[in-house]
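In what follows, a single structure is set out as structure tokens and then discussed.
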């Protein structure tokens, strides 16, 4: 022990460069994380190049002084593991206060009444055993032992609910009155002489500039292609998108939103009133274009005709909601972006 203390004291009498080199070697031998090694670099810089100037160190590494002082005060130079992040989990965690006896009783009752809900099961438990039990204990036991009438169907349903909970709903967005802030998208399904075609539609909710295109399938790849065209049409000035919960707005469409740095919002299930702008555009598209004899299941021909109609819709047709201005006139006046088709070099989807 005396020898170890002696050698340790000699090590501290060496030059600071030897000490710092020793720290780096220890960090490698101990297998410290990337974050811990970065914090060690802060302290080495602080003692060498910054001459123990904390402000200079913080400026050099672009960090808050509070962060630096936290790790400086924690580190003593002897134990490099002090630079590792501590677990942020609470020391005392909540535990489910359900006894093995309660569990076994609930399991037995559930097997007898497999189609009953948790509230009915809780009431039955009280009637039989004379003591109250909370419905969450019943639900916990059902989930733990997977006591469902259709286990596979329930697994699919739970996964769907989990996905829906992670979606940003349009009710969370505070709308702002400038073009490109929110574009609304939807899909029209057309049945014609035994064939099915899909028309993807989109409209800028402020300027009313709209776009539509026919596809043979309702895939997320086609939806991503359509989104790229709409964003290009609005000169890459789009911030948010609104769509329903259709399959075409998942997978590759979500990836396209991320690539284009757009925030995706979803309408609520079975709530078409969450997307009134595009629903109204769909009606106009049907009444003023499709029902006037312009429909054909030839995708190329239909899109050519549709493009001509969209030009008229955007540049010629007055809109009551815009004070009888055209969408293009309103867009020019409010967005101050010219020309409409930019010379940007960002890649498009088509």
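Annotations for the structure displayed:
- Note on residue 101 and residue 152: with the Förster distance fixed at 41 Å, the Cβ-Cβ geometry gives a FRET efficiency of about 0.85.
- Estimated FRET transfer efficiency (residue 245, residue 221; beta-carbon r; R0 22 Å; 0.05): 0.75
- Angle between the chain longest axis and helix 118-129 axis [Cα atoms, degrees, rounded to 10]: 60
- Computed from Cα atoms, the angle from the helix 276-288 axis to the main principal axis of the chain rounds to 30 degrees.
- Our helix-only sum for the chain, with -39,500 (n - 2.57) per DSSP H run of n ≥ 4 divided by its residues, gives a mean residue ellipticity at 222 nm of -15500 deg cm²/dmol.
- The slack between residue 294 and residue 193, meaning 0.36 nm per residue of separation minus the straight C-alpha distance, is 34.9 nm.
- Remark: spin-label model distance residue 41-residue 91 equals 3.4 nm, labels positioned 7 Å along the Cα→Cβ axis.
- Principal-axis tilt of helix 2-13 within the chain, Cα atoms, nearest 10 degrees: 60
- Cα-projected label distance for residue 82 with residue 176, points at 7 Å along beta-carbon direction, nm: 4.6
- Pairwise FRET efficiency - residue 271 versus residue 236, Cβ, R0 = 35 Å, nearest 0.05: 0.70
- Virtual spin-label span in nm between residue 33 and residue 123, 7 Å along Cα→Cβ: 5.0
- Here region 253-269 is scanned for amide nitrogen atoms under 11 Å from the site 7 Å beyond the Cα of residue 169 along Cα-to-Cβ, giving 266-269.
- With the biggest extent put first, the Cα atoms of region 170-335 measure 43, 37, 28 Å across the principal axes.
Where a number appears in this text, it was derived from the coordinates with a stated rule and is not lab data. Keep in mind it's a predicted model, so treat the numbers as computed, not measured. Cβ coordinates were reconstructed from backbone atoms using ideal geometry, including for glycine residues, and neighbour counts include every protein chain displayed.
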